[in-house]
1. Among the residues in the range 99-114, are any in a strand (DSSP E or B), under 28 Å from residue 23 (Cα atoms), touching a helix residue (DSSP H, G or I) at 6+ places or on another chain (Cβ under 7 Å) and at pLDDT below 90?
2. Evaluate the following for residue 79: is it modelled with pLDDT of 90 or more and in a loop (DSSP other than H, G, I, E, B)?
3. Being over 11 Å from the mean Cα position of the chain (by Cα) and at pLDDT below 90 is the filter here; which residues of the range 287-298 pass it?
4. Between a first residue in the range 234-247 that is over 17 Å from residue 92 (Cβ atoms) and a second residue that is part of a loop (DSSP other than H, G, I, E, B), which pairs have beta carbons less than 7 Å apart while being 6 or more apart in sequence or on different chains?
5. Can residue 283 be described as modelled with pLDDT under 90, crowded, with 21+ Cβ neighbours inside 10 Å, closer than 23 Å to residue 212 by Cα and touching a helix residue (DSSP H, G or I) at 6+ places or on another chain (Cβ under 9 Å)?
6. Between 169, 143, 165, which is within 18 Å of residue 282 (Cβ to Cβ) and either in contact with a strand residue (DSSP E or B) (Cβ under 6 Å, 6 or more places away or on another chain) or modelled with pLDDT of 80 or more (or both)?
């Protein structure tokens, strides 16, 4: 595991001096010249965003952190005044009257993990009762969101799909004896990926798809602690700030180099009352976590990147997360 500068600092001055923008669409590069000090492309060369400036003049700091301006909220302007009773975001009074069919696990990701026409397998859902099965995408849609809120989430689903397609390709490089090809780098918004994890938690909670710890056929029905659905809805759609120690984490896990390529694992952290305090979603060999409270024993809170280094020296596969502020750990996974 590698980490950046331990000194907590603000990027305010750097954001004023650079041409940095919000990253509203994930960016992928291949075959680039690697940076001699940090993972990812050389910072003195053109920024991955295509601005024409060097990365150091744009989306990277001197400390190797990838940065972005705070992205705009998913919904802006006047609220509709409608609270659709079937929509889990109804507390915002910002619904449409029409309901949609929402895939609480994004359809883009289900497609990314469909191999040779075979639907991905799922495990951990209460209605699977401890089993592991291949589930077609149409089995995972629920009427839990109105059309307006569902449309607002589409950009998050698109970017999360790119992250997991990249992770899906990278997992092949953890198989013993596999050879890495050219350097590959995906840059996405950490803020928006964190929101996608929140979308997954709210959708799973509303559709009865998240298990209670130790009870394979029992579903979580509410958040625990100080987390409330109405506050989570405001964070997701209107850009309300997270409590400081909550959000996107990566926790230590053993990496199985022979992990099933098409497997999706969902698990919940619940308190003694069966209320949700954390969510974990795993796609193949990669797992991401969302905590609704202060977490312990974690590898990274809001990681800066996950880098895969293989048997061929100097070749890397990187998923990088840009954040508006803070110092963010780079996690390094070794192939083989």
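The values are calculated or read from the model by the stated rules, or taken from the named source; none is laboratory data. All of these numbers come straight from a predicted model, not from anything done at the bench. As a convention, Cβ positions derive from the backbone with ideal geometry for all residues, glycine included, and neighbour counts pool all protein chains shown.
1. yes
2. yes
3. Scanning the range 287-298 gives 293, 294, 295, 296, 297, 298.
4. Every condition considered, the pairs that remain are 245/294; 246/292; 246/293; 247/302.
5. Working: modelled with pLDDT under 90: yes; crowded, with 21+ Cβ neighbours inside 10 Å: yes; closer than 23 Å to residue 212 by Cα: yes; touching a helix residue (DSSP H, G or I) at 6+ places or on another chain (Cβ under 9 Å): yes.
Taking the combined requirement at face value, the residue satisfies it.
6. 165
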